[in-house]
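Have a look at the structure below, then the notes.
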Amino acid sequence: MNPPVLQPCENVHIIWNNKKYLFFGGYDYYRLSHDPGIKNTIIQTLELFGLNCGGSRATTGNHPLHTELEKKITEFLQTEETAILPSGYQANIALFEVFSGKHLHVYFHPECHPSLKVPIKMSGLPSSEIPCDLEVWEKHIKAHGRKPCVVTNAVNTQFPALKDYEAIVEKYEGALVVDEAHTMGLIGEHGRGVIEYFNISKKHLLITGSLSKAAGVSGGFVSGLAGCVGAVRSSTAYVATSAMPLPTVAAASKAIDIFIENPDMIKMLQERSLTFKQKLNDLGYDVPVNPAPAINIIIRDNDEILALSSRLEKAGIYPSFISYLGKEDFFRFTLSSAHSEEQVETLLRVLSEHKTAK
């Protein structure tokens, strides 16, 4: 079955089946893809340098804008070094190509994104889900004698137990890999993600992420320990691919500037997310109350799915029901800084009416 064809129309609406709907799907959490400053940056960079660098960054495609963006991400995340790649998925592949052949055992969060699970499998490393019991986990580590490589999304259904993961990797001199795709620019006092939120040590840390979420642009990165990031630059995934298009690179750099210059924007979306999720929780929805702006509602009954979809459509809201690799089907609603309070209240009213009508 082909996915629906959606045409963006203004910041918070889409055209679907020739009708206009209020849109709470997708990401682009600050709608920076529509930001005038970012648009102008793209146009100016395109006029100056064109679109394509004409090579891999390991050969003839390495441009000052690439190194400028890497430096900016490094400074923003307060890590040692950063390597950018054309997508977040490719960043994960490059990192686990580096890990391949190391004396590691990978422990992954059961709700890990497929863009993490597939590279883990490709690495050929022994792997298993993170045990719930720390004592059981430690016994497992001691039994195989390999260093633990702990892998998680920054946000799954809930925030992961990062302080426990930190303790394990520090005790056994392992590695902690956190994919901040949906939290960079969104979580933490300065928007530096869950690493900032939980004050996680960077001694054994590697961060992967995407520049298509809060930044609203495109591309991915690996950031953290200089030695490992340097090895990423020798991976096939990095060497044998064309460099990120320069207008995209410049736009991502501009987006980082916007994060730094607008802390109130980050705080506002965190507060909006917490308030909305608390209200959903009070209505009886099984939604963790945290400041991440994405909301997943799992409904397993087909009649109830159709009923909520119909109710949303009648209210002029696109029914963003998602079927995704390795996950149960779910409704996904994403709050943005561009939605008005009235629009957010409209979504809450519809979800409240659905709960009452059950």
Identify, please: which residue in segment 103-147 is among the hydroxyl-bearing types (Ser, Thr, Tyr) and part of a helix (DSSP H, G or I) and is, among those, farthest from His182 (Cα to Cα)? Ser123
Would you tally the residues in segment 73-89 being crowded, with 20+ Cβ neighbours inside 10 Å and not aromatic (Phe, Trp, Tyr)? 8
Among the residues of segment 63-71, are any at pLDDT 95 or above, assigned to a loop (DSSP other than H, G, I, E, B) and out of contact with any Ser or Thr (no Cβ under 6 Å at 6 or more places or on another chain)? yes
So Val249 clears everything in (1) surrounded by 20 or more Cβ atoms within 10 Å (Cβ to Cβ); (2) touching a strand residue (DSSP E or B) at 6+ places or on another chain (Cβ under 7 Å); (3) β-branched (Val, Ile, Thr) except one condition, right? Which one? (2)
Note: among Leu335, Leu312, Leu351, just one is among the hydrophobic types (A, V, I, L, M, F, W, C), in contact with a strand residue (DSSP E or B) (Cβ under 9 Å, 6 or more places away or on another chain), free of Cβ contacts under 8 Å to residues at least 40 places away in the same chain and not assigned by TED's automatic domain parsing to the domain that holds His109, namely Leu312
Can you tell which of Gly26, Gly37, Gly50 is in contact (Cβ under 8 Å) with a residue 40 or more places away in the chain and on the phi < 0 side of the Ramachandran plot? Gly37
Only residues in segment 115-136 that are touching a residue at least 60 places away in the same chain (Cβ under 8 Å) count as the first member; pair them with residues that are assigned to a helix (DSSP H, G or I), Cβ under 6 angstrom, at least 6 apart or cross-chain, and list the lot. Ser115/Tyr89; Ser115/Asn92; Leu116/Asn92
Being of a type in the set (Asp, Glu), at pLDDT below 95 and within 24 Å of Val287 (Cα to Cα) narrows it down to one of Glu111, Glu129, so name that one. Glu111
From the set of residues in segment 90-101 that are surrounded by fewer than 24 Cβ atoms within 10 Å (Cβ to Cβ) and either among the aromatic types (Phe, Trp, Tyr) or without any contact (Cβ under 8 Å) to a residue 24 or more places away in the chain (or both), which is nearest to Met244 (Cα to Cα)? Phe99
Considering only segment 73-94, how many residues are outside any strand (DSSP E or B) and either out of contact with any helix residue (DSSP H, G or I) (no Cβ under 6 Å at 6 or more places or on another chain) or of a type in the set (Val, Ile, Thr) (or both)? 11
Restricting attention to segment 74-89, which residues are β-branched (Val, Ile, Thr) and over 15 Å from Ile195 (Cβ atoms)? Ile84
Scan of segment 268-278 for residues that are under 26 Å from Gly219 (Cβ atoms) and surrounded by fewer than 14 Cβ atoms within 10 Å (Cβ to Cβ), ordered by number: Met268
Across segment 171-198, the tally of residues that are touching a helix residue (DSSP H, G or I) at 6+ places or on another chain (Cβ under 9 Å) and assigned to a loop (DSSP other than H, G, I, E, B) stands at 16
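The values are calculated or read from the model by the stated rules, or taken from the named source; none is laboratory data. As the structure is a prediction and not an experimental result, all values here were calculated from the model. Neighbour counts run over all protein chains shown; Cβ positions are idealised from the backbone, glycine included.
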